[in-house]
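A.B. asks: One structure, as structure tokens, below. Some questions next.
The values are calculated or read from the model by the stated rules, or taken from the named source; none is laboratory data. Since this is a predicted model, take the numbers as computed values, not measurements. Every residue, glycine as well, gets a Cβ built from its backbone with ideal geometry; the counts of neighbours run over all protein chains shown. Quick note on the areas: whole protein, heavy atoms, side chains included, nothing else; ligands and nucleic acids left out. Shrake-Rupley method; radii C 1.70, N 1.55, O 1.52, S 1.80 Å.
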Amino acid sequence: MEYGIIRMKDVFPCDNDVAKWIVGLAVIHNDFIFLKKKLFQTSDVISNLISEAPSILKILISSLREAIFYLEESEKSIQIKTYIDSLPEHLIQMYMSLKLLFRNGEKADLLQKFSNTRNITYHYSKPQRNELSEALEALSNEIIFYEEKDERFLFAEHVRNTILLNSLFSSNEIKLEQELPISEIIISIKESIETFIDFSNKVSKHYLKDFVK
């Protein structure tokens, strides 16, 4: 097992863009490791899994969206862009797969869905917001079970799920009443997070090998 001692000021000088980029990348990496460990686990109780899935999806979407924006904004630094271009080919290939989600990438439409979800769901809908009114209107004819001793409010879950769905898909997509590609989105999120973990892990170690002997 390889190990070493890091003197922070030598490895991560505060005036070096690449050093700061590596630190930021490692912070996201650690968060994603935690999310993967805690949120990708399947519940033993199927009812709990169904109930928890939308909240888990909201966290994953918002976290991935912020991570992609981190990479995209980092390219504004010439130092960082030059460093990325100097990485070994297999790391560049990983980075290019993540760049597909950039605002000018081939999967920009998916990033836009993530942004919509993050902007709408992560701040919790205020009473005066349209998404809350629209969800309640869509559910107005629903009959939902209520039991006082239950720890969860089922009506709130239905509203939350409707707001989440409306943030991911346009009203026209939903009105078509076809099966929405939710599973494909979940697979894309999982694959992108795993790619980010692999990329950030290998890039951070690639950077550190020049300092840790």
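A.B. asks: Within 10 Å, at most 10 other Cβ atoms, and a DSSP state outside H, G, I, E, B define an exposed site. Report the longest part of the chain free of exposed chymotrypsin sites (Phe, Trp or Tyr not before Pro).
C.D. replies: Here the longest segment lacking exposed loop sites spans 4-123.
A.B. asks: Excluding G24 itself, what net charge comes from residues whose Cβ is under 12 Å from its Cβ, given Lys and Arg +1 and Asp and Glu -1?
C.D. replies: It works out to a net charge of -3.
A.B. asks: Over the stretch 118-213, what is the relative contact order in percent, taking alpha-carbon pairs closer than 8 angstrom and at least six residues apart?
C.D. replies: Contact order relative to length: 20 percent.
A.B. asks: Excluding ligands, DNA and RNA, what is the solvent-accessible area per residue of the chain at a probe of 1.4 Å, expressed in Å²?
C.D. replies: Per-residue accessible area for the chain comes out at 66 Å².
A.B. asks: Okay, next question. Out of the stretch 117-184, which trypsin sites (Lys or Arg not before Pro) are coil in DSSP terms and have no more than 14 other C-beta atoms within 10 Å?
C.D. replies: Sparse-neighbourhood loop trypsin sites (Lys or Arg not before Pro): R129, K149, R152.
A.B. asks: Let me ask something else. Mind listing which GluC sites (Glu not before Pro) in the stretch 107-147 are in a DSSP loop and have 14 or fewer other Cβ atoms within 10 Å?
C.D. replies: Listed in order of number, the matching sites are E142, E147.
A.B. asks: On to the next question. Count neighbours as other Cβ atoms within 10 Å of each site's Cβ, and list the GluC sites (Glu not before Pro) in the stretch 53-119 that are DSSP loop with at most 11 such neighbours.
C.D. replies: Here the GluC sites (Glu not before Pro) that fit, given the DSSP loop and packing criteria, are E106.
A.B. asks: On the protein heavy atoms, probe 1.4 angstrom, tell me the percent of accessible surface of the chain carried by carbon and sulfur.
C.D. replies: Carbon and sulfur together cover 55 percent of it.
A.B. asks: Students often forget the sequence filter, so: which lysines lie under 20 Å Cα-Cα from K76 once same-chain residues fewer than 8 apart are removed?
C.D. replies: List returned: K20, K99.
A.B. asks: Which entry in [x] 1.00; [y] 1.05; [z] 1.13 matches Rg/Rh (Cα atoms, Kirkwood Rh) derived from the coordinates of this structure?
C.D. replies: Checked against the structure: label [y].
A.B. asks: Under a point spin-label approximation (7 Å from Cα along Cα-to-Cβ), what is the F155-K205 distance to one decimal in nm?
C.D. replies: 5.3
A.B. asks: Quick check: Cα centre of the stretch 108-150 to Cα centre of the stretch 56-98, how many Å?
C.D. replies: With the stretch 108-150 and the stretch 56-98 each reduced to a Cα centre, they are spaced 30 Å.
A.B. asks: Right, here's the next one. Select from S188, S115, S171 the residue whose mean-square fluctuation is largest in a Gaussian network model of the chain (Cα-Cα springs shorter than 10 Å).
C.D. replies: Of the options given, S171 has the highest mean-square fluctuation.
A.B. asks: May I ask for the angle, rounded to the nearest 10°, between helix 154-168 and the longest principal axis of the chain, with both axes built from Cα atoms and the value confined to 0 to 90°?
C.D. replies: Approximately 60 degrees, to the nearest ten.
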